[in-house]
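Written below as structure tokens is the structure these notes are about.
Derivation of every value follows stated rules applied to the coordinates shown; laboratory data play no part. All values reported here derive from a predicted model rather than from experimental measurement. FYI the Cβ positions are ideal-geometry reconstructions off the backbone, even for glycines, and counts take in every protein chain you see.
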Amino acid sequence: MLQKLSITNYALISKKIIDFNKEFTVITGETGAGKSIIFGAIELLIGTRSSNKVLKNPKSKCIVEGVFSMNENVVKQLVKMDLDIEDDLIIRREIKQNGNSRSFINDSPVKLEQLKLISQYILEINGQHLVSKMGSLNFKYGFIDSFINDKNIFLDYSNAFLNYIESIENQKRIIKKVNNLNEKKDFLQFQLDELSNYNIDQWDEESIQNQYKIAANQEEINTLLDKIKNIYNRNGGFSDLFSDLETFSIELETILNGFSLVSKRIKSVKIEIEDIFQEISYKFPSVNPDKNKLNELDQLLKQINFLLKKFNVADLKSLILKKHAVSKELSELSE
């Protein structure tokens, strides 16, 4: 029930305070006397839209405040909104000079939606073609509930209904959790299947890159190897040079005392050079360029780079660890 209404700087009203008693109150007057102005101010308290056009003095703000008696429904809503509970419910609406408005319940700022929610339980405005409360579900349910003499039946039903709603919500949460789990399992299985299509556990990225480097440069390698072998085998090359050095050093040993040490070193170098060239011929023979092998290695490196980018890892070792981690997580989720 509205007990008191205070209006400041609204329409034609500079300042007005109206006290309502507990009995029936009628506001009368001729057309244009200002009855609708009072009802317009009251409508601000239930959350209707505001405008700076209602300001009597455009340099000052408008303030409309109503004092209402408390009831059980209002107390419940105040508790839900975490607002102070007083002996009376005081609602205030302020309209600034720029048209913006602020709402307060028991001196605490609230949103307009909260004000509208509270007003449902304290005030109803009916007019021609307007019966707001009677059309609402809350009024209809409350009207039907008023015929229940035994409140325990109502409470039992309310508790059962709340438990039912809670069970439905729990079911939704469980279904959502299961769906999320299945989606995650499907995604992990997809990743594992893709990684299993490649023999990444048997790949050696460094070895593959070295093989590709050799295959891509095989012609140049053959050319350089041939040049090295020619340096040793051609007339006047390393082979002939060290043979002459060895012959001359042996002859000098018989003439110069102490030259035997030099002769031994020359012989040792000759043996080392021969061993080096034999190793080159044995370990690095000339190989015909193989374009098919080069293409295979190129495709393999492209596959590796594709997988590294897709799974956001730095190298093949990390990709293998990723595969094992995916397999482990999938097994744990499937248990």
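Where Lys and Arg each count +1 and Asp and Glu each count -1, what net charge lies around L12 among other residues with Cβ under 12 Å from its Cβ? Don't skip to the end; give the middle numbers.
Working: positive: K15, K16, K35, K56; negative: none.
Computed value for this residue: +4.
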Compactness summary of segment 148-195: radius of gyration and Dmax from Cα atoms, Å, are 20.6, 70
So what is the calculated 222 nm ellipticity per residue for the chain, using -39500 (n - 2.57) for each DSSP H run with n of 4 or more, over all residues, to the nearest 500 deg cm²/dmol? -19000 deg cm²/dmol
Using alpha-carbon coordinates, inclination of helix 316-334 to the longest axis of the chain, degrees: 40
Per the C-alpha gyration tensor (a ≥ b ≥ c, the square roots of its eigenvalues), segment 1-43 is rounded if a/c is under 1.5, else prolate if a/b beats b/c, else oblate; here it's oblate
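In square nanometres, what is one fourth of the surface area of the convex hull spanned by the alpha carbons of the chain?
Values: hull surface 172.4 nm².
Average projection, Cα convex hull of the chain: 43.1 nm².
When ranked by the protection proxy of mean other Cβ atoms within 10 Å per residue, highest first, what sequence do the peptides 144-151, 255-262 form?
Ranking, from highest mean packing down: 255-262, 144-151.
Could you calculate the contour length gain from E219 to S60, that is, 0.36 nm times the residue separation minus the distance between their Cα atoms, to one decimal place in nm? Provide the component values of the computation, followed by the final result.
Numbers: separation 159, 0.36 × 159 = 57.24 nm, distance 9.33 nm.
Working it through step by step, the gained length comes to 47.9 nm.
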Taking R0 as 22 Å, what FRET efficiency do you get between F161 and K80 from their Cβ-Cβ distance, rounded to the nearest 0.05? 0.75
Debye, to nearest 20: dipole size of the chain, +1 on Lys, Arg Cβ, -1 on Asp, Glu Cβ: 2320
For K293, the lysines lying under 25 Å Cα to Cα, once residues fewer than eight places off in the same chain are dropped, come out as K213, K283, K302, K309, K317
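How much length is gained if the chain between S207 and N182 is pulled fully straight, taking 0.36 nm per residue apart and subtracting their Cα-Cα distance, in nm to one decimal?
Values: separation 25, 0.36 × 25 = 9.00 nm, distance 3.93 nm.
Result for the pair: 5.1 nm of gain on full extension.
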Excluding residues fewer than 8 positions from K184 in its own chain, the lysines with Cα under 19 Å of it are K172, K176, K310, K322, K323, K328
Of the residues F277, F190, F311, which exhibits the maximal mean-square fluctuation in a Gaussian network model of the chain defined by a 10 Å Cα contact cut-off? F277
Loop only per DSSP, at most 11 neighbouring Cβ atoms within 10 Å: give me the chymotrypsin sites (Phe, Trp or Tyr not before Pro) in segment 1-41, ordered by residue number. F24
Assuming 0.36 nm per residue, please report the length gained on full extension of the stretch I125 to S69 beyond their Cα-Cα distance. 18.5 nm
Where does segment 166-250 land on Rg/Rh, using Cα atoms and the Kirkwood Rh? 1.68
Largest-first semi-axes in Å of the equivalent ellipsoid built from the Cα gyration tensor of segment 1-144 are 25, 20, 15
Straight-distance crosslink candidates among lysines, where the alpha carbon sits under 16 Å from K53 and sequence neighbours closer than 8 are dropped: K61, K96
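Relative contact order, percent, of the chain when contacts are C-alpha pairs under 8 Å separated by at least 6 residues?
This gives 12 percent for the chain.
Checking the a/c ratio against 1.5 first, then a/b against b/c, what shape does the Cα gyration tensor give for segment 9-80?
Numbers: a/c = 2.41, a/b = 1.35, b/c = 1.79.
Judged from the Cα gyration tensor, segment 9-80 comes out oblate (a/c at least 1.5, b/c at or above a/b).
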If R₀ is 56 angstrom, what is the calculated FRET efficiency for the pair T25 and Q171, using the beta carbon separation as r and rounding to 0.05? 0.60
